Amino acid sequence: MKKRLKELAALVGGTVVGDDEVEISGVAAIEVAQAGEITFIASPKYLPKLGETNASAVIVSKEITPSPKPLLCVNNPYLAFAKILTLFSQKPYQPKGIDPNAWISPTARLGQEITIYPFVSIGDRCWIGDRVTLYPGVFVGEDSSIGEESVLYPNVSIYPGTVVGKRVILHSGVVVGADGFGYVKEGKKNVKIPQMGKVEIEDDVEIGANTTIDRATLGKTIIRRGVKIDNLVQVAHNVVIGEDSIIVAQVGIAGSTKIGSNVTLAGQVGVADHIEIGNNVMVGGQSGVGHDLAANQGYSGSPTLPHRNYLRATTVFPKLPEMRKTLIEIEKRLKKIEETLSSEGKEK
Amino acid sequence: MKKRLKELAALVGGTVVGDDEVEISGVAAIEVAQAGEITFIASPKYLPKLGETNASAVIVSKEITPSPKPLLCVNNPYLAFAKILTLFSQKPYQPKGIDPNAWISPTARLGQEITIYPFVSIGDRCWIGDRVTLYPGVFVGEDSSIGEESVLYPNVSIYPGTVVGKRVILHSGVVVGADGFGYVKEGKKNVKIPQMGKVEIEDDVEIGANTTIDRATLGKTIIRRGVKIDNLVQVAHNVVIGEDSIIVAQVGIAGSTKIGSNVTLAGQVGVADHIEIGNNVMVGGQSGVGHDLAANQGYSGSPTLPHRNYLRATTVFPKLPEMRKTLIEIEKRLKKIEETLSSEGKEK
Amino acid sequence: MKKRLKELAALVGGTVVGDDEVEISGVAAIEVAQAGEITFIASPKYLPKLGETNASAVIVSKEITPSPKPLLCVNNPYLAFAKILTLFSQKPYQPKGIDPNAWISPTARLGQEITIYPFVSIGDRCWIGDRVTLYPGVFVGEDSSIGEESVLYPNVSIYPGTVVGKRVILHSGVVVGADGFGYVKEGKKNVKIPQMGKVEIEDDVEIGANTTIDRATLGKTIIRRGVKIDNLVQVAHNVVIGEDSIIVAQVGIAGSTKIGSNVTLAGQVGVADHIEIGNNVMVGGQSGVGHDLAANQGYSGSPTLPHRNYLRATTVFPKLPEMRKTLIEIEKRLKKIEETLSSEGKEK
């Protein structure tokens, strides 16, 4: 596929500086881009590379004139890059049908134009939507449904009764609907609380490799529309994650916690159970959330503080030994002064 | 199934306030419970909801009279809830036999009334106990044994020579018996130490999705009776976890560490290698255990402190910038006083 | 297999004290070793056990005479142990051929003497090297290659276009080449950045169970020769890990970070995106790396400090409440002194 630069400008809502008729047939990183390709500069500090790249055009955030290259100027170069890369990389879906080595319950209902690879298992009464792709080793337990155009990569396990929305992407090794971790002690013995609830994954969710989403004890664990979850994340029973939230790798969210919409939890964050996190909250990497977090703020640390307070305290932390030494010296000096004053007092 | 409230009271050792003949056919959360269902109130703060629920009876911790609803009063409402939910949710096991698409070594020995789904692999000389269920994609390596009534969910991998006890539940993606992580540097090159030991999982253990339990270098990695492990936990070679311990999601336990019985490690805890943790210890979320922990205590922090000390120090942490400022001011005031005294001294 | 002690000494470059003709047929831990076996003492504190073991010989780090046992004296007992254990445990590779229940694209090219178990999937145009072993449930996506003598354990998923080197070991549940986690916000909506790059795993790499290595956005994610990665590790898009580095369990490495050669990241370390870590760096467990780390040093903490500074500050941390109390007392004493001086001043 080839597109003229002015066509790309129209696609992403940008303006062209230089030759807007130049033909583009692909996207590449600035160091390796070749003639015919477009590249991008997200940060002004890389602007000097403009003169070095072999790319035929460059996406930038501001008009820079004169420029050695045709420029595509946009508000958000990274967003324009994503859209243009999508344009050039998206292949039309081609259904491959149902491999005879898949195992499909006779009571399952299958949509149109689906792709089911070998060694897939589909349980009783499942519903598989149109244009769904199930890769080898995918297990879909009974009474589950998979919405239109969703893709389940190899070795994904869907426990019974799960609802997966449309255009959902589940990467390899994702486990949806395993029992929540619930026990009550009777003496020292752990008595299992049956996990009778479900998991519901709404439309346009993407979940990374080997992430686990547990079923609710009663009721539902819910991943709302547009949520993106990275690899190796743990989502416990009865958690709700609000729309468009971003959950980075290795985050753990404990039972019954409610996360607002448009929240970002950075890598390795831990959130305790029964917490509420407000909309638009950002939590820094490795933070430990032990209490509710108000909306529209950033937090960091374990336990979490408002991000600015965390940064200030963290900066002082390495000075602790020196501060302790100072304290000891001050006490000596104080004692000396007090003795001086006291002896003066006596003298009087 | 229907049970009269007095029958449930007998089951859980509780007393009834109100109509003990009311018929119960299910369990639900307090907000959604309908007539015919029982619900529970674990915390006194939810008692006001007693008047709002449609449930036909409520499990509570104390006798509250008069009550708008029949009450089932018990010492531990959560435990009673678990037992009653188990009663209503447990379906009798129905063996489904061996699917012809499973691959089973002719030298494997299989028990009675088993359920083996398609795409299961069972290696040479394995022993599969009575009423075991192996879901699609389960791999059981040669010379392994799976005890009676155990359930291995889809895509569980059991490496050769593993012993799994009775009534064990392994959720999807669990890996048991992969090589421990052992290398010796020869110069910069990493020389692999062959991992020749095994893993033994005793009776009544449950292990969460995508958790990994490594085989020992020599000897055994042992998960003792009744241990419950959550999702995405790492248990390294030669670790021993004592009876009835609870290991929450994303915990990592390094090589040769011994964990006592009835221990709780909260989410994302890390434990260094060659550590001993005593019986009945509780370790708070995200803690880092770098030395032995004495029995019967709570610990938190990274590195861990006794829990109370941790809380105290943590409370002061955000005040560090203010403390530093105070220190600097104090030094100024001290200097001023010292100069005053010194000049007075000179004056004299 | 039996070897005389002098033969083992020649293998590992050591010297024998005592009978160098004694025959050894295996290796065991010091407590359980029997006659005919060799054991080892890595730390001098275990030397008293020399007199108690039933082993026929002991690997030690220094010559100890007289000794009740034949000794094999070497510079690095642990390395000698690894080599001798390898000698006794290594079984010659026996190809098992291609199981008829594997699904192999007609356009895939297969090497000599391979072992392909049931329920393996190999996509179009893949190349599988000589003596490769693919266990049940392994998926190799189209256009991937697996080098000679590599072993992929059950349920490993290799996404399309991945390059795996020679003698690579991938443990169960490893996912290589899933999409990197890349989105751009358009308003609150997350726009996916297509992940068009690849993953390249060089020779002699070992990757632990359920670890995930994401494909690059553009270009390559690269795991260099001899790298050893433990279980449940997350390696994001465009990361490069240098030769012979050791990445311990549950580490997370964010996008585009470059890690030098011979680096060690201990368990649960988190590394932010676009970081550079120099050669020979060691990072302590649970550390959070938020900025570049210079070569040849140790670091700990979150955020990381040079290891010694971290230890010093950490030692003071539990004393924070006491320091705060002291500060308050000092302020009172200061105030009193200032008042005294001020009143004296007035008196004058």
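When the helices in chain B are scored as -39500 (n - 2.57) per DSSP H run of 4 or longer and the sum is shared across all residues, what 222 nm value do you end up with, to the nearest 500 deg cm²/dmol?
Result for chain B, helices only: -5500 deg cm²/dmol.
If R0 is 60 Å, what FRET efficiency do you get for A:K2 and A:T315 from their C-beta distance, rounded to 0.05?
0.70
Over the residues of the range A:192-312, compute the C-alpha Rg and express it relative to 2.2 N^0.38 Å.
0.99
Taking each label point as 7 Å beyond Cα in the direction of the beta carbon, state the distances from C:P106 to the same residue in the other copies, shortest first, in nm.
Going from nearest to farthest copy, the values are 3.2, 3.2 nm.
For chain B, build the convex hull from the C-alpha positions and give me its volume per residue in Å³.
Enclosed volume per residue, from the Cα hull, is 234 Å³.
Where Lys and Arg each count +1 and Asp and Glu each count -1, what net charge lies around A:A57 among other residues with Cβ under 12 Å from its Cβ?
Its environment carries a net charge of -2.
Placing a label point 7 Å from Cα toward Cβ, how far apart in nm is C:K332 from its equivalents in the other copies, listed shortest first to one decimal?
In ascending order, 2.5, 2.5 nm.
State the answer as a single residue: which of B:H307, B:I328, B:G290 lies farthest towards the positive end of the charge dipole of the range B:282-337, with beta carbon charges of +1 for Lys and Arg and -1 for Asp and Glu, about the Cα centre.
Towards the positive end, the residue furthest out is B:I328.
Output, in nm with one decimal and in ascending order, the distances from the A:E31 label point to the matching label points of the other copies (7 Å from Cα along Cα-to-Cβ).
Distances to the matching label points in the other copies: 5.1, 5.1 nm.
Write out the GluC sites (Glu not before Pro) in the range C:1-30 meeting two conditions: DSSP loop, and at most 14 other Cβ atoms within 10 Å of their Cβ.
The qualifying sites are C:E21.
What is the magnitude of the charge dipole of the range C:97-309 about its Cα centre, with +1 placed on the Cβ of each Lys and Arg, -1 on the Cβ of each Asp and Glu, and no other charges, expressed in debye to the nearest 20?
That gives the range C:97-309 a dipole magnitude of about 580 debye.
Hand me the tally of lysine pairs in the range B:247-348: alpha carbons under 18 angstrom apart, and the pair either on different chains or 8 or more positions apart.
4
Using the 2.2 N^0.38 Å rule of thumb for compact globular proteins, work out how the range B:3-89 stacks up: its C-alpha Rg over that value, please.
Against the empirical 2.2 N^0.38 Å value, I get 0.91 for the range B:3-89.
Share of antiparallel DSSP beta bridges in the protein assembly as shown, in percent to the nearest 5?
15 percent
Across the range B:144-150, in residue order, what do the Karplus-derived ³J(HN,Hα) couplings come to in whole Hz, using 6.51 cos²θ - 1.76 cosθ + 1.60 with θ = phi - 60° and x for Gly and Pro?
9, 9, 10, x, 3, 6, 6
Just rank B:S150, C:S61, fewest to most, by other beta-carbon atoms within 10 angstrom.
Fewest to most other Cβ atoms nearby, the residues stand as C:S61, B:S150.
Can you tell me the dipole magnitude for the protein assembly as shown around its Cα centre, using point charges on the Cβ only (Lys, Arg +1; Asp, Glu -1), in Debye to the nearest 20?
2500 debye
Which of these, B:A294, B:A55, B:A266, has the largest mean-square fluctuation under a Gaussian network model of chain B (Cα springs below 10 Å)?
Per the Cα network of chain B with a 10 Å cutoff, B:A55 tops the list.
On average, how many beta carbons from a partner chain sit within 10 Å of the beta carbon of a residue in A:30-40?
1
Taking every pair of alpha-carbon atoms in the range A:265-348, give the share separated by more than 17 Å as a whole percent.
In whole percent, the share of Cα-Cα pairs in the range A:265-348 beyond 17 Å is 61.
What is the local net charge at A:G141, summed over the other residues whose Cβ is closer than 13 Å to its Cβ (Lys, Arg +1; Asp, Glu -1)?
-1
Assigning unit charges at the beta carbon (Lys, Arg +1; Asp, Glu -1) and nothing else, what dipole magnitude in debye, to the nearest 20, does the range B:3-89 show about its Cα centre?
Result for the range B:3-89 is approximately 240 debye, rounded to the nearest 20.
Less than 15 Å Cβ to Cβ from B:I30, Lys/Arg counted +1 and Asp/Glu -1: what total charge do the surrounding residues give?
Once all neighbours under 15 Å are counted, the net charge is 0.
Pull up the DSSP beta bridges for the range C:3-89 and report the antiparallel fraction as a percent, rounded to 5.
That works out to approximately 40 percent antiparallel.
Across peptide A:268-274, how many C-beta atoms of other chains are within 10 Å of each residue C-beta, on average?
Neighbouring Cβ atoms belonging to other protein chains average 5 per residue here.
Of the residues A:K189, A:K83, A:K332, which exhibits the maximal mean-square fluctuation in a Gaussian network model of chain A defined by a 10 Å Cα contact cut-off?
It is A:K332.
What is the Å³ per residue value for the convex hull set by the Cα atoms of the protein assembly as shown?
Looking at the protein assembly as shown, the number lands at 236 Å³ per residue.
For the range B:192-205, what does the Karplus curve 6.51 cos²θ - 1.76 cosθ + 1.60, with θ = phi - 60°, yield as ³J(HN,Hα) per residue in whole Hz, taken in order and with x for Gly and Pro?
6, 8, x, 9, 9, x, 9, 10, 10, 10, 7, 5, 6, 8
Read-outs: derived from the displayed coordinates by stated rules, not from any lab. If you're wondering where the values come from, they're calculated on a predicted model, not measured in any experiment. Reconstructed Cβ throughout: ideal geometry from the backbone, glycine too, with neighbour counts over all protein chains shown.
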